[in-house]
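The values are calculated or read from the model by the stated rules, or taken from the named source; none is laboratory data. Computed from a prediction, not measured in an experiment: that's the story for all the values here. Note that we place each Cβ from the backbone using ideal geometry, even for glycine, and neighbour counts take in every protein chain shown.
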Number of protein chains: 2
Amino acid sequence: MSQGSKLSDELNSLKKLFIIVGNKASTGDFNLNDLPGSGGRMDIICRFIAQSLFISHGIREDSGVITILLGEPDPPRSIFVHGGKVRYMSPDERNVAGLIRKALRHKSEEWKETSPGIFIAKKSINEVLSDLNDFSMFYLREDGRDIFDLSNEPEEKMAFIIGDHLGVKEDIEELILKKVKETISVSPLSLQADQCVVIIHNFLDRLEELEC
Amino acid sequence: MSQGSKLSDELNSLKKLFIIVGNKASTGDFNLNDLPGSGGRMDIICRFIAQSLFISHGIREDSGVITILLGEPDPPRSIFVHGGKVRYMSPDERNVAGLIRKALRHKSEEWKETSPGIFIAKKSINEVLSDLNDFSMFYLREDGRDIFDLSNEPEEKMAFIIGDHLGVKEDIEELILKKVKETISVSPLSLQADQCVVIIHNFLDRLEELEC
């Protein structure tokens, strides 16, 4: 994706997209030795990215992640990672955080690739979601319909939106609810965002296997 | 658990136990800034512990983790974390790694509590499994029976054993297979150890909800 091109072009090759809102996640420099504090719970963001993309000894090339970072000093900023294109990423939090920190050094307004497969832009969640018209969007919330009820008809392209440990603020949630097809849940318990991703992937992997 | 007491006493209050074999995981000091290299993929161990215990804003008090560390300089060493007793742990890898490193400084042969809810001993997997007679043990491997087939009759106490990115060596696997009730799998894909834990928890959480 060259600078200024639309996010939607880059999403063409992806089937699954995971989107997290990081309410306090840093939009500037932060300390790799203190992701929870200095990074504004950047550890949650890193685990979310890793769980969206990695399997054992491999990466999900049909999956992508977008993180909407809303912490200081320069919110909002959004980072997109393309599973089929990302390089030099390993699943440990510190590695993922290093790549995020590098991306945040670029102050581009439009989408810019800061390392292979990692892109950043000064975009709000509203702007990001507007580029996802090809995707059936689902919002994750504890009171949603069980994902297992989505049964045997997975959509061609699905996007899942979730909040971090602070959830999603009311005004942003209203925005999301206007865009999504349905609100879903994955567990009778309230789980961490990256745990939800693992369960969604497993659900879709099982459906895909049934289709074969 | 005072020094020298048996692991089995400490396991009485736990219903779910997750056991990982860390083939290269450090048994001495390691660098918190390089968990994959210096720690011998200690990042995998840390994520495994975190996913076994944490949910959103809470901890699973009925769950525990045992990590069998087989890396240099002093293998084997085993660390046990009790979800109902552990304190000062947060789910980020660096925090968990710090507590492991602290435990490894204690050279006790028998189980010793090195911080609240965290215990270490110079025990092999054989010695550890011998203390788990109250548990129905399951071994995780890609060719196992789908966990979803375990249907509506969860055991009272279940232990799940899994390898890290290198799997489990043949001699250790033989040992495990003698002890376990069954070999199970959780996904049509080969997943990371901590991802398997998330899926097992979700399976059991759903069964528990059905029972209510």
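The lone criterion from (1) in contact (Cβ under 8 Å) with a residue 60 or more places away in the chain; (2) farther than 20 Å from A:Ser187 by Cα left unmet by B:Asp194 is number (2). Residue-level check: of (1) in a loop (DSSP other than H, G, I, E, B); (2) out of contact with any His (no Cβ under 8 Å at 6 or more places or on another chain); (3) facing another protein chain (nearest Cβ under 8 Å), A:Glu155 misses just (3).
Given the condition polar (S, T, N, Q), in contact (Cβ under 8 Å) with a residue 12 or more places away in the chain and not in a strand (DSSP E or B), answer yes or no: does some residue in region A:200-209 qualify? No, region A:200-209 has no match at all.
Please indicate, with yes or no, whether at least one residue in region A:163-183 is modelled with pLDDT of 95 or more, among the β-branched types (Val, Ile, Thr), outside any loop (DSSP other than H, G, I, E, B) and under 22 Å from A:Leu53 (Cβ atoms). The answer is no, given that none of the residues of region A:163-183 is modelled with pLDDT of 95 or more, among the β-branched types (Val, Ile, Thr), outside any loop (DSSP other than H, G, I, E, B) and under 22 Å from A:Leu53 (Cβ atoms). Has region A:143-153 got at least one residue that is closer than 30 Å to A:Arg101 by Cβ, at pLDDT 95 or above and in contact with a helix residue (DSSP H, G or I) (Cβ under 7 Å, 6 or more places away or on another chain)? Within region A:143-153, none of the residues are closer than 30 Å to A:Arg101 by Cβ, at pLDDT 95 or above and in contact with a helix residue (DSSP H, G or I) (Cβ under 7 Å, 6 or more places away or on another chain).
If only residues of region B:192-210 that are farther than 17 Å from B:Ser56 by Cα and within 7 Å of chain A (Cβ to nearest Cβ) are counted, the one that is surrounded by the fewest Cβ atoms within 10 Å (Cβ to Cβ) is B:Glu209.
Only one entry of A:Asn133, A:Asn95, A:Asn126 meets the criterion of being within 14 Å of chain B (Cβ to nearest Cβ) and farther than 30 Å from A:Pro188 by Cβ, and that entry is A:Asn95. Evaluate region A:173-189: report whether one residue or more is over 17 Å from the mean Cα position of the chain (by Cα), within 14 Å of another protein chain (Cβ to nearest Cβ) and surrounded by 19 or more Cβ atoms within 10 Å (Cβ to Cβ). Scanning region A:173-189, I find at least one residue that is over 17 Å from the mean Cα position of the chain (by Cα), within 14 Å of another protein chain (Cβ to nearest Cβ) and surrounded by 19 or more Cβ atoms within 10 Å (Cβ to Cβ), so the answer is yes.
The residues listed here are A:Gly98, A:Gly167; of these, the one that is on the phi > 0 side of the Ramachandran plot and surrounded by fewer than 21 Cβ atoms within 10 Å (Cβ to Cβ) is A:Gly167. Considering the conditions (1) within 14 Å of chain A (Cβ to nearest Cβ); (2) touching a helix residue (DSSP H, G or I) at 6+ places or on another chain (Cβ under 8 Å), B:Ile79 is excluded by exactly one of them, (1).
Among all positions in region A:9-24, there is at least one residue which is surrounded by fewer than 24 Cβ atoms within 10 Å (Cβ to Cβ), modelled with pLDDT under 95 and among the acidic types (Asp, Glu). Exactly one residue among A:Glu109, A:Glu93, A:Glu127, A:Glu113 is surrounded by fewer than 18 Cβ atoms within 10 Å (Cβ to Cβ) and either farther than 14 Å from A:Lys179 by Cα or within 14 Å of the chain's Cα centre (by Cα) (or both), and that residue is A:Glu109. If you go through region B:74-117 and keep only what is part of a strand (DSSP E or B) and farther than 16 Å from B:Gly22 by Cα, you end up with B:His82, B:Lys112, B:Glu113, B:Thr114, B:Ser115. The residue list A:Gly64, A:Gly28 contains one member that is away from every other protein chain (no Cβ under 14 Å), buried (at least 23 other Cβ atoms within 10 Å of the Cβ) and either farther than 27 Å from B:Glu142 by Cα or touching an Asp or Glu at 6+ places or on another chain (Cβ under 9 Å) (or both), which is A:Gly64. Listed by first and then second residue, the pairs linking a residue in region A:156-173 that is of a type outside the set (A, V, I, L, M, F, W, C) to a residue that is assigned to a loop (DSSP other than H, G, I, E, B) and modelled with pLDDT under 95, with Cβ atoms under 6 Å apart and 6 or more places separating them unless they lie on different chains, are A:Lys157/A:Asp134.
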